[in-house]
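The values are calculated or read from the model by the stated rules, or taken from the named source; none is laboratory data. This is a predicted model, so every value here is computed, not measured. Here the Cβ positions follow ideal geometry from the backbone for every residue, glycine too, while neighbour counts run over all protein chains shown. The accessibility values were calculated without ligands, DNA or RNA, using every heavy atom of the protein model including side chains. Shrake-Rupley method; radii C 1.70, N 1.55, O 1.52, S 1.80 Å.
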Amino acid sequence: MLPVTPIKLEPLPDLPLVSILISNYNYASFLGEAIESALAQTYENFEIIICDDGSSDSSREILEGYRSRNSKIQTIYQPNGGQSLALNAAFLMCAGEIICLLDADDVFLPGKLRRVVAAFAAAPDSGIAVNRMLVVDQSRKYLAEMPSLYNLPCGWQGASLCSNSPQILPGMPPTSGLSLRRSAAEAIFPLPAALRVYSDTLIQVVAPLVTSIAALDEAMSEYRVHEANVAGVSTFTESQLQKIVLYNREIWIAWRRYLSSARAGLPSDFLLPKEMPPSLMDYTYARYRSDENFRTVFRAIPPARLQSLPRPHQWYWRTSTMLPGWLFRRSFDFVYGQTRSKMIARRFLNGFRQCARRFPGNGFVRGFEGFFRPKKDSAHVAGQNRAAES
């Protein structure tokens, strides 16, 4: 259990300025739709900061066209350095009390900003807001809704998180489903320069340690899956896993740096791990490169890390050591990739969830949803109760 405390947040004005931050790299074919979706918001007090990360396509011409026609848009151009550096540059330029992140290949639905502002007003102690997202294909055809298995996280979760490694709460959405109060964002930014992609993963990890979460249980963004985006991978390769392991190390360093800071509020005698223990991605990388010692890597993963996962993921990882290499790769693609079969499964689960909303008293439904929640021992429950009382 992590005895972290949430940071204090200043009251918001009645009509806070919202800064929409967009990082772009060679997404000229999608960029216009992202900008149009931001301009179409029903909430009017906003600005759009777009950092182009050294694109070699027609992105600059598109950006200059929009900037010349609309005073809400500001643009930054810099050499290619990765998503984190682009978001850092946009964050430095923005002035909003609320920060909404938008990937250049994603789309906001028209009521997004209005709902986010209302959510923060209704939950003044929350520094991050998360919303459901529609998963769409390259042409914006509906595929599924996310999260599918889990509810969005809500409230103060910091005290229940794992103390020896970074942890993503089940149901946390990616970039375009994340919005931050400025003071919460300042506790996370600047993002590590070496984290060229998966910048949203660091936010997913650190933000729940910083502040409470406000959940918008309605789809407010579209998450586009296509061949060119990193998160749209359907078949992982050894090279991709190697990069993920490196990025995980950057996230671990940033996670520990925050917990070591005064903002986290940890007792001076609280012991944090000095070195990063083996992770599930280290084990996965060992499997992909056919390392005969992969079971040794798996056994070195802290047991608390596995116990913090929802039951289906615990079951998957513990049985994965018995799978032959080819079957492990296929199963990993399904669990962590964006395969066609996963989209079909998501549609089924979305339909089941809608039935659960219509018949909330059904015992089978309650049992089914409980199966997908992370297992909590009495210490975790007590910690969450104390956090709620405070």
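Summary of values
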quantity	calculated
Meets criteria (crowded, with 17+ Cβ neighbours inside 10 Å, at pLDDT 95 or above, assigned to a helix (DSSP H, G or I) and in contact with an Asp or Glu (Cβ under 7 Å, 6 or more places away or on another chain)) for Ser176	yes
Options Ser260, Ser183, Ser165; residue that is touching a residue at least 60 places away in the same chain (Cβ under 8 Å), over 16 Å from the mean Cα position of the chain (by Cα) and open to solvent by 30 Å² or more (accessible area, probe 1.4 Å)	Ser183
Residue match in segment 148-157 (condition: farther than 25 Å from Arg257 by Cβ, part of a helix (DSSP H, G or I), at pLDDT 95 or above and open to solvent by 30 Å² or more (accessible area, probe 1.4 Å))	no
So Ala89, is it open to solvent by 30 Å² or more (accessible area, probe 1.4 Å) and at pLDDT 95 or above	no
Subset of segment 59-75 [open to solvent by 60 Å² or more (accessible area, probe 1.4 Å) and part of a loop (DSSP other than H, G, I, E, B)]	Ser71, Lys72
Every residue from segment 186-205 that is closer than 17 Å to Pro166 by Cα, part of a helix (DSSP H, G or I) and open to solvent by 20 Å² or more (accessible area, probe 1.4 Å)	Asp200, Thr201
Condition broken by Thr235, with the remaining ones in (1) within 26 Å of Trp326 (Cβ to Cβ); (2) open to solvent by 70 Å² or more (accessible area, probe 1.4 Å); (3) assigned to a helix (DSSP H, G or I) satisfied	(3)
So Ala95, is it farther than 22 Å from Glu33 by Cα and either free of Cβ contacts under 8 Å to residues at least 60 places away in the same chain or in a strand (DSSP E or B) (or both)	no
